[in-house]
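Report on one structure; see the data block that follows.
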Amino acid sequence: MKFFGRKLIRKIRIIRSQKKEKIMVEFLSAHWLDIVTTVLGLAYILLEYRASIWMWAVGFLMQALGIVLYYQKGLYADCGMEFYYLSMTVYGYWRWVCHSSPQSEEVLPIRHFPSRLVLPWTLLILGVWGIMYFFLNHFTDSTVPMLDSFTTALSIVGIWALAHKYLEQWFIWIVVDVFTCGLYFYKDIPFKASLYALYVVIAIFGFFKWRKLMKQQA
């Protein structure tokens with residue numbers, strides 16, 4: 001009797017172990033893109049914090065995988081933005097390398113966002129936001145057209161400001177990261193959402209880090 005009891009317990013444990021493995025495999029299969037882009041995203045933001053030019057290479061790979069991830073999740077504005085990001089990673093690398101300052105060891109000096117560009121870029125954000133919202137609301141099955149289009153429009157300025165190494169680009173990303181974090185949790189992209197929550201914290205410290213570096217350049 002004891003023999004059969006032990007055999008039954010062993011079989012139950014094996015079945016439970018197999019179920020756990022199956023659940024884990026299914027989870028990784030469903031979220032592997034989310035996990036990989038999250039790891040790349042963490043590397044990207046840390047390299048950005050250090051103002052390292054290697055961030056552009058990591059960013060290129062992250063954006064390429066992001067195209068597939070966002071399309072699968074129905075985040076069409078974010079998916080479209082990844083193509084823009086890809087082109088901007090190339091532009092950003094070129095900008096940082098080819099516009100170095102002879103007075104500084106940095107490939108491109110950190111600067112303030114020009115005040116003369118605030119109004120035109122603000123109008124551009126509002127215009128892009130409106131156009132993308134209209135498109136997503138009328139021509140796609142997006143369930144979050146307002147928020148998806150907002151973060152996309154703001155990100156257009158953010159990546160451009162980063163390519164030009166403007167200090168205030170951190171403020172733009174803080175806003176984008178806060179809203180994107182909530183959006184991704186809602187769309188069941190938990191790893192990416194958690195990454196954006198971390199982005200907010202790193203962006204705050206990044207601003208002070210870049211400000212310190214900018215003072216050292218002077």
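Report yes if TYR71 is in contact with a helix residue (DSSP H, G or I) (Cβ under 6 Å, 6 or more places away or on another chain), within 30 Å of LYS215 (Cβ to Cβ) and at pLDDT 60 or above, otherwise no.
In short, no.
Is one or more of the residues making up the stretch 191-200 among the β-branched types (Val, Ile, Thr) and over 22 Å from TRP129 (Cβ atoms)?
Checked the stretch 191-200: no residue is among the β-branched types (Val, Ile, Thr) and over 22 Å from TRP129 (Cβ atoms).
Only one residue in TRP160, TRP170 is more than 19 Å from GLY66 (Cα to Cα), touching a residue at least 40 places away in the same chain (Cβ under 8 Å) and not charged (D, E, K, R). Which one?
TRP170
Could you list all residues from the stretch 127-173 that are over 17 Å from ALA51 (Cβ atoms) and among the polar types (S, T, N, Q)?
Hits for the stretch 127-173 are ASN137, THR140, SER142, THR143, SER149, THR151, THR152, SER155.
The values are calculated or read from the model by the stated rules, or taken from the named source; none is laboratory data. Keep in mind that this is a model prediction, so the values were computed, not measured. All Cβ positions, glycine included, derive from the backbone under ideal geometry; neighbour counts span all protein chains shown.
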